[in-house]
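Presented below is the structure to which this report refers.
The values are calculated or read from the model by the stated rules, or taken from the named source; none is laboratory data. Quantities reported herein were computed from a predicted structural model and do not represent experimental measurements. Don't worry about glycine lacking a Cβ; one is built from the backbone with ideal geometry, like all the others, and counts go over all protein chains shown.
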Amino acid sequence: MKTADTAQSDADFAGLIVRCAPQGKIDVLVALIRPFPPRSHPKVTLSSAAGGTLTFEASMAAAGAAVLLPDEVSAFAAGKWQTAPSLSVLVKESDSEIKGVVALNGLREAYHSLLANCGQ
């Protein structure tokens, strides 16, 4: 997990989670302090110097306190984000909006460690 840069993030933004998923895949999630309804599908916009700006429809995990990003986002964690200094995140659900920034230093090592150990 990469925790939020508190100087640049809303109080309800906790950080970014990269974890093992079934079948040896990698999940990327946004961790929140204030949960959204479990069945919601927030729009998540991700911006980095290396990967540009992308918007995805996500789903909820962990009783609404984590936003599970689509599988295609793990390709960014495996590639472009590993050379980016930070990632900006914007999560929108109905009339609620949570913004945050996470530093990505150490992501390359963490990602490769997860990849080597997922599915074992």
Output the number of the condition that Ala103 fails; it satisfies all remaining conditions of (1) more than 27 Å from Pro22 (Cβ to Cβ); (2) in contact with a His (Cβ under 8 Å, 6 or more places away or on another chain); (3) hydrophobic (A, V, I, L, M, F, W, C). (2)
Counting just the residues of the stretch 67-95 that are small (Gly, Ala, Ser) and modelled with pLDDT under 95, which one comes out farthest from His112 (Cα to Cα)? Ser94
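Yes/no matrix, rows are residues, columns are (1) under 20 Å from Pro85 (Cβ atoms); (2) out of contact with any helix residue (DSSP H, G or I) (no Cβ under 7 Å at 6 or more places or on another chain); (3) free of Cβ contacts under 8 Å to residues at least 12 places away in the same chain; (4) of a type in the set (A, V, I, L, M, F, W, C):
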residue	(1), (2), (3), (4)
Thr3	yes, yes, no, no
Gln23	no, yes, no, no
Ile26	no, no, no, yes
Pro38	no, no, no, no
Lys43	no, yes, no, no
Gly51	yes, no, no, no
Phe56	no, no, no, yes
Ser59	no, yes, no, no
Leu68	no, yes, no, yes
Residue ID - nearest to the chain's Cα centre (by Cα), chosen from residues in the stretch 53-88 that are more than 21 Å from Cys20 (Cβ to Cβ) and of a type in the set (A, V, I, L, M): Leu54
Residues that are surrounded by 13 or more Cβ atoms within 10 Å (Cβ to Cβ), at least 3 per element: which strands (runs of 3 or more DSSP E) completely within the stretch 20-104 meet that? 26-32, 43-48, 59-61, 66-68, 86-93, 96-103
